[in-house]
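Okay, so here's the structure we're looking at.
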Amino acid sequence: MRSALVAVLALLFALPMHGADDPILRLDYSNPSLFPGQWTLILHPDGTGHFHAEGGNKPAEENDLILPATVDRDVALNGSFADRVFRTVRQHKLLLAEPCESHLKVAFQGWKKLSYSGPEGKGGCEFNYSKNKDIQELGDSLVAVGSTLIEGARLELLLQHDPLGLDKAIQYIVEASDDGRLQQMSAIKDILERLENDPRVLDRVRKRARILLARGDK
């Protein structure tokens, strides 16, 4: 009993501790054309955080696809990525310097609501497409991380229910990682490592998992 208690306490002390006044950035994203159609990413300056996705209707053309309806998990992103995120927020006065939304006639990309709180105060803004290059890039990069986490959850489902479907799914992840639509491959390293080491899946799936693991924090 005592050894079990010691193990639990050791685990608790090993986890990052965050105070009530520590900086935190939250992105609430919604796009009804996607599935899941709503998700939230909470990020701390050390790269740790939490991700929750749910809601939306699966598009008719994707009825036969295995897609995660809900994703709920802790995340650990690269420290340099988190540094860049929080530096951008502070450089733009906690996202209060100017309205984020451009109101330009551009294709709908999904609503992105950024909310910051920390010792300096609170701030935030909401936009589909921002006229500020830094804010638009910030939104794009965070959406790419959320998309990566959803794709990782899909790989887990496919490994369990449709191993042959992994081939096409992981090919998409490699291609989307190449052009920046997906970022922070280290956020899904657990499932990538499982695929790399699973002799039951296709060799090219294992090879692509190895490629993505090598990209790490890209």
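The values are calculated or read from the model by the stated rules, or taken from the named source; none is laboratory data. Treat the numbers as computed from the prediction; the structure is a model and nothing was measured. Cβ atoms come from the backbone with ideal geometry, glycine included; neighbour counts cover every protein chain shown.
For the stretch 101-150, how many residues are of a type in the set (Asp, Glu) and in contact with a strand residue (DSSP E or B) (Cβ under 8 Å, 6 or more places away or on another chain)? Reasoning before the result, please.
Taking the stretch 101-150 as the starting set, the residues that turn out to be of a type in the set (Asp, Glu) are 101, 120, 126, 134, 137, 140.
Then keep just the ones that are in contact with a strand residue (DSSP E or B) (Cβ under 8 Å, 6 or more places away or on another chain); that gives 101, 126.
Looking only at that region, the number is 2.
Before we move on, is residue 83 surrounded by fewer than 17 Cβ atoms within 10 Å (Cβ to Cβ) and part of a helix (DSSP H, G or I)? Yes; evaluated as a whole, the condition is true for this residue.
Of the residues that sit in the stretch 190-205 and are in contact with a Lys or Arg (Cβ under 9 Å, 6 or more places away or on another chain) and part of a helix (DSSP H, G or I), which one is surrounded by the fewest Cβ atoms within 10 Å (Cβ to Cβ)? Only one residue fits best here, namely 196.
Does residue 216 count as modelled with pLDDT of 95 or more and under 18 Å from the mean Cα position of the chain (by Cα)? Steps first, please.
Details: modelled with pLDDT of 95 or more: no; under 18 Å from the mean Cα position of the chain (by Cα): yes.
Considered against the rule, which asks whether it is modelled with pLDDT of 95 or more and under 18 Å from the mean Cα position of the chain (by Cα), residue 216 comes out as no.
Among the candidates 104, 159, 155, the residue that is without any contact (Cβ under 8 Å) to a residue 40 or more places away in the chain, among the hydrophobic types (A, V, I, L, M, F, W, C), over 22 Å from residue 22 (Cα atoms) and outside any strand (DSSP E or B) is uniquely 104. Every residue in the stretch 25-53 that is among the hydrophobic types (A, V, I, L, M, F, W, C) and surrounded by 18 or more Cβ atoms within 10 Å (Cβ to Cβ), please. Result: 25, 27, 34, 35, 39, 41, 43, 51, 53.
Residues of the stretch 107-133 that are assigned to a strand (DSSP E or B) and either without any contact (Cβ under 8 Å) to a residue 12 or more places away in the chain or among the acidic types (Asp, Glu) (or both): 126 alone. Please indicate, with yes or no, whether at least one residue in the stretch 79-87 is without any contact (Cβ under 8 Å) to a residue 60 or more places away in the chain and either among the hydrophobic types (A, V, I, L, M, F, W, C) or touching a Leu at 6+ places or on another chain (Cβ under 7 Å) (or both). Taking every residue of the stretch 79-87 in turn, at least one turns out to be without any contact (Cβ under 8 Å) to a residue 60 or more places away in the chain and either among the hydrophobic types (A, V, I, L, M, F, W, C) or touching a Leu at 6+ places or on another chain (Cβ under 7 Å) (or both). Cβ-Cβ distances below 6 Å connect the following pairs, each with a first residue in the stretch 174-193 that is under 14 Å from residue 209 (Cβ atoms), a second residue that is of a type in the set (Lys, Arg) and crowded, with 20+ Cβ neighbours inside 10 Å, and a separation of six or more residues or different chains: 174/208. Give the stretch 207-218 a look and list any residue that's crowded, with 18+ Cβ neighbours inside 10 Å and free of Cβ contacts under 8 Å to residues at least 24 places away in the same chain, or say none. None - no residue of the stretch 207-218 is crowded, with 18+ Cβ neighbours inside 10 Å and free of Cβ contacts under 8 Å to residues at least 24 places away in the same chain, so the list stays empty. Tell me which residues, restricted to the stretch 107-128, are farther than 25 Å from residue 22 by Cβ, of a type in the set (Phe, Trp, Tyr) and modelled with pLDDT of 95 or more. Selection gives 111, 127.
The one condition from (1) under 13 Å from the mean Cα position of the chain (by Cα); (2) farther than 25 Å from residue 41 by Cβ; (3) not basic (Lys, Arg) that residue 182 does not meet is (2). Checking the structure you have, find out if any residue of the stretch 129-140 is in contact with a Ser or Thr (Cβ under 7 Å, 6 or more places away or on another chain), more than 17 Å from residue 27 (Cβ to Cβ) and of a type outside the set (A, V, I, L, M, F, W, C). Yes, because at least one residue in the stretch 129-140 is in contact with a Ser or Thr (Cβ under 7 Å, 6 or more places away or on another chain), more than 17 Å from residue 27 (Cβ to Cβ) and of a type outside the set (A, V, I, L, M, F, W, C). Residue count for the stretch 171-189 satisfying the condition of being on the phi < 0 side of the Ramachandran plot, buried (at least 18 other Cβ atoms within 10 Å of the Cβ) and outside any helix (DSSP H, G or I): 2.
Does the stretch 54-74 contain at least one residue that is hydroxyl-bearing (Ser, Thr, Tyr) and surrounded by 14 or more Cβ atoms within 10 Å (Cβ to Cβ)? No, the stretch 54-74 contains no residue that is hydroxyl-bearing (Ser, Thr, Tyr) and surrounded by 14 or more Cβ atoms within 10 Å (Cβ to Cβ).
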